[in-house]
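Have a look at the structure below, then the notes.
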Amino acid sequence: MKTYRRLYPQVYDFENLYLSYRAARRAKRDRAEVVHFEARVEDQLFLLQSELRNETYQPGTYRHFYICEPKKRKISAAPFRDRIVHHALVRVIEPIFERRFIFDSYACRRGKGTHRALNRCTEFVRRYRIVLQCDVAKFFPTIDHE
C-alpha cells in the first residue's frame, strides 16, 4: 500500500481553505453564522489557517435537531467553520481514497449517488434470482463516536 506524506500542509493551504469556504457556503449564504463569517472572510480564513498550522484548532459544538424524511432521524450539524475544515480535508484526501473504493460504493461520491445505485441494483435484480434484502436499523447513532 502506498504511503502519502506531507498531506497536512495541503489541508491548511490558503487556496484550499478559500475553495473549501466557497463550497461550504453553497446553499447556506443566508444563515447567520455564514453571514457573520463572510463579514471578515479573509481574517477568518487566516485565523483558521493559523490554528490548523499550529495544531491549535478545536472543533466547535454540533447543533442537534430532528427531521422526518420519511422517518424521524437525528441530525448533527457542524458549525460553519468546521464545515470549511471538513471540505479542506476532503479536497486533499478524496482523490487518494476514490481510487481505492469499490465500484459499487455510491454514497457521497461524485458521479455516483442514489439514482445510479438504484440503476445498478436493478441490473443485479434482473441478472440474479436470489436477493438478500436487509437494513441495519439505527446503526450510526449506536456506534461509539469517541
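The values are calculated or read from the model by the stated rules, or taken from the named source; none is laboratory data. What you see is a predicted model, and the numbers here were worked out from it, not measured in a lab. We place every Cβ from the backbone using ideal geometry, glycine too, and count neighbours over all the protein chains shown.
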Complete set of residues in the range 1-30 that are exposed (fewer than 12 other Cβ atoms within 10 Å of the Cβ), in a loop (DSSP other than H, G, I, E, B) and acidic (Asp, Glu): 30
Among residues of the range 64-108, those that are part of a loop (DSSP other than H, G, I, E, B), surrounded by 10 or more Cβ atoms within 10 Å (Cβ to Cβ) and of a type outside the set (Ser, Thr, Tyr), counted: 4
Positions within the range 16-59 being under 12 Å from residue 84 (Cα atoms), out of contact with any Leu (no Cβ under 7 Å at 6 or more places or on another chain) and of a type outside the set (A, V, I, L, M), in sequence order: 16, 20, 22, 25, 26, 37, 44, 59
Single residue of the range 109-118 satisfying the filter (more than 13 Å from the chain's Cα centre (by Cα) and surrounded by fewer than 10 Cβ atoms within 10 Å (Cβ to Cβ)) that is modelled with the highest pLDDT: 115
Test: residue in the range 31-48 that is surrounded by 12 or more Cβ atoms within 10 Å (Cβ to Cβ), in a loop (DSSP other than H, G, I, E, B) and within 15 Å of the chain's Cα centre (by Cα): no
